[in-house]
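Report on the structure given below.
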Amino acid sequence: MAGTKKLLRALAGEAMEVPPIWMMRQAGRYLPEYRATRAQAGDFLSLCYNPDLAAEVTLQPIRRFGFDAAILFADILLVPQALGADLWFETGEGPRLSTVTTEEDLARLKPAGAIHDHLAPVYETVRILARELPEEVALIGFAGAPWTVATYMVAGRGTPDQGPAHALMAGNPALFDALIERLTEATIAYLSRQIEAGAEVVKIFDSWAGSLRGAAFDRYAVAPCRRITQALKERHPGIPVIGFPREAGDRYAGFARATGVDCVALDNSVDPEWAAAHVQIDGCVQGNLDPRHMVTGGPALVEATRRVVEAFSGGPHIFNLGHGITPEADPANVQLMIDTVRGRG
Ligand code: CP3
């Protein structure tokens, strides 16, 4: 089943001397070819909904660097848009959405099963990629986790502390739970279609899991991830799932067992040695080089890269950054990281 693709072998539990590599946000503004294609598309959302150009930007980092995996080019906020929210990106600032803070707002959203017409271009991008990727490169589909997507839908934008979502959770738990429920169902439907279109792995991005504590972490990070993973495994046995409860800290330990994910992606706030002892004991891990090394480079990059490879060398590991590569990164530093991981540094 895992075949010869390195990424799938690691996800099946194989420890390798040279781990597979890919990078979060590997298609992005640090690449001149991405900026050119985005300009051709007009803007970011037009790029997401143009299957030929979205496939093109997905392939660019594969051609340039020879990564072991490609990640579908799209965004976690396409799901709220498919549910009927307004979405736009303010240049230099980030996403803006119409908000969901009342029962009436929730009632205006579409049912989870009604997202597919809007998202059809994304499924088409996956089909193009499944055809065009080199045979050794695995295709990763993705969605945002319900909590993270809800934080944007409640606030109407990114927030430093997810305050509006926490306030709704406390002030109107029934409404908040209903929003999480809608997003959980939509995410299952969306990822299922990506798999049917050719995604070989899916990743659930819970970028703001770190602001959930105690019982709230169980209820809004663990439980939805478990439901999504179980539903996907029933429908698509053999498709691995990567969970990314970013900044979960000590809650990374046991996350794979609690949710059923095949791999836990780690941010760079946890020491790789700690994560090897407490997270990798349950299976594959992904991560966790500090993305700042892609800006600063040099011997510190080489040393930190070797430390991550070494710390996880005893078990299944996918080399990655702890979060997305940033626009000011230097592509030469990405090459240096890859050469270091592959023993050519
Ligand atoms: O990793 C990849 O290369 C695949 C594509 C991808 C994008 N967004 C493209 C993107 C993925 C997997 C995402 C996920 C995503 N989107 C997350 C979860 C992961 C994370 O970073 O924590 C979140 C929170 C979002 C929401 C989002 N999209 C924000 C907050 C922003 C603005 C911040 C920024 O970097 O500008 C985006 C825009 C976005 N999504 C860009 C890209 C390449 C930059 C858009 C541009 O080209 O101007």
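Every read-out reported here was derived from the displayed coordinates using simple, explicitly stated rules and does not represent laboratory data. In this text, all values refer to a predicted model and were calculated from it rather than measured experimentally. Here Cβ is always computed from backbone atoms with ideal geometry, including for glycine, and neighbour counts include all displayed protein chains.
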message: Taking every DSSP beta bridge with both residues inside region 37-284, roughly what % is antiparallel (nearest 5)?
response: 25
- line: Using alpha carbon centers only, region 184-203 is separated from region 118-175 by a whole-angstrom value of 12
task: Could you list the square roots of 5 times each eigenvalue of the Cα gyration tensor of region 160-308, that is, the equivalent ellipsoid semi-axes, sorted largest first and rounded to whole Å?
output: 27, 21, 14
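Can you tell me how region 9-65 classifies by the Cα gyration tensor, rounded, prolate or oblate, using a/c under 1.5 as the rounded cut?
On the way: a/c = 3.47, a/b = 2.40, b/c = 1.44.
Prolate, because a/c is 1.5 or more and a/b exceeds b/c.
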field: From phi via Karplus (6.51, -1.76, 1.60), per-residue ³J(HN,Hα) for region 9-24 in Hz, x at Gly/Pro
entry: 5, 4, 5, 7, x, 7, 8, 10, 5, 10, x, x, 10, 8, 9, 4
- request: At 7 Å along the Cα-to-beta-carbon direction for both residue 91 and residue 233, put a label point, then send me their distance in nm to one decimal.
  value: 4.7
task: Please turn the phi angles of region 90-104 into ³J(HN,Hα) values with the Karplus equation 6.51 cos²θ - 1.76 cosθ + 1.60 (θ = phi - 60°), one per residue in order, whole Hz, x for glycine and proline.
output: 7, 4, x, 10, x, x, 10, 9, 5, 8, 10, 10, 10, 4, 5
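Rounded to the nearest 20 debye, what is the charge dipole size of region 250-300 about its Cα centre when +1 sits on each Lys and Arg Cβ and -1 on each Asp and Glu Cβ? Kindly include the intermediate steps, with their values, before the conclusion.
On the way: 3 positive and 7 negative charges, 17 e Å.
Dipole of region 250-300, to the nearest 20 debye: 80 debye.
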task: Excluding residues fewer than 8 places away in the same chain, name every one of the lysines whose C-alpha is closer than 26 Å to that of residue 6.
output: 203, 233
statement: For residue 252, the net charge from surrounding residues (Cβ-Cβ under 12 Å; K, R +1; D, E -1) works out to -3
field: Point-charge dipole on Cβ atoms (K/R +1, D/E -1) for the chain, about Cα centre, debye to 20
entry: 300
query: Could you state the number of Å between the C-alpha centres of region 308-331 and region 261-296?
result: 8
task: Show the residues, 5+ positions off or on another chain, whose built amide H is closer than 5 Å to the amide H of residue 263.
output: 241, 243
- request: Normalising by the residue count of region 37-284, find the relative contact order in percent from Cα pairs under 8 Å and 6+ residues apart.
  value: 17
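Sequence gap at least 6, Cα distance under 8 Å: using those rules, report the relative contact order of region 96-188 to the nearest whole percent. Intermediate results must be reported in sequence, preceding the final value.
Details: 67 pairs, mean separation 39.4, N = 93.
It rounds to 42 percent for region 96-188.
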- line: Packing-ranked peptide list from 323-336, 17-30, 66-79, highest mean Cβ count within 10 angstrom first, is 66-79, 17-30, 323-336
- request: Amide H neighbours of residue 318 under 5 Å, at least 5 residues apart or on other chains, H built in the peptide plane: list them.
  value: 285, 286, 287
- line: Rounded to 0.05, the calculated FRET efficiency for the beta carbons of residue 274 and residue 219 at R₀ = 25 Å is 0.45
field: J(HN,Hα) series, region 231-237, from Karplus relation 6.51 cos²θ - 1.76 cosθ + 1.60, nearest Hz, glycine and proline x
entry: 5, 5, 5, 5, 7, 9, x
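When Lys and Arg each count +1 and Asp and Glu each count -1, what net charge do the other residues less than 14 Å away from residue 43, Cβ to Cβ, add up to? Working shown, then result.
On the way: positive: 29, 35, 38, 96; negative: 75, 90, 93.
That sum, taken over residues with Cβ under 14 Å, equals +1.
Over the chain, what portion of Cα pair distances is larger than 30 Å, expressed as a whole percent?
So the portion of pairs separated by more than 30 Å is 31 percent.
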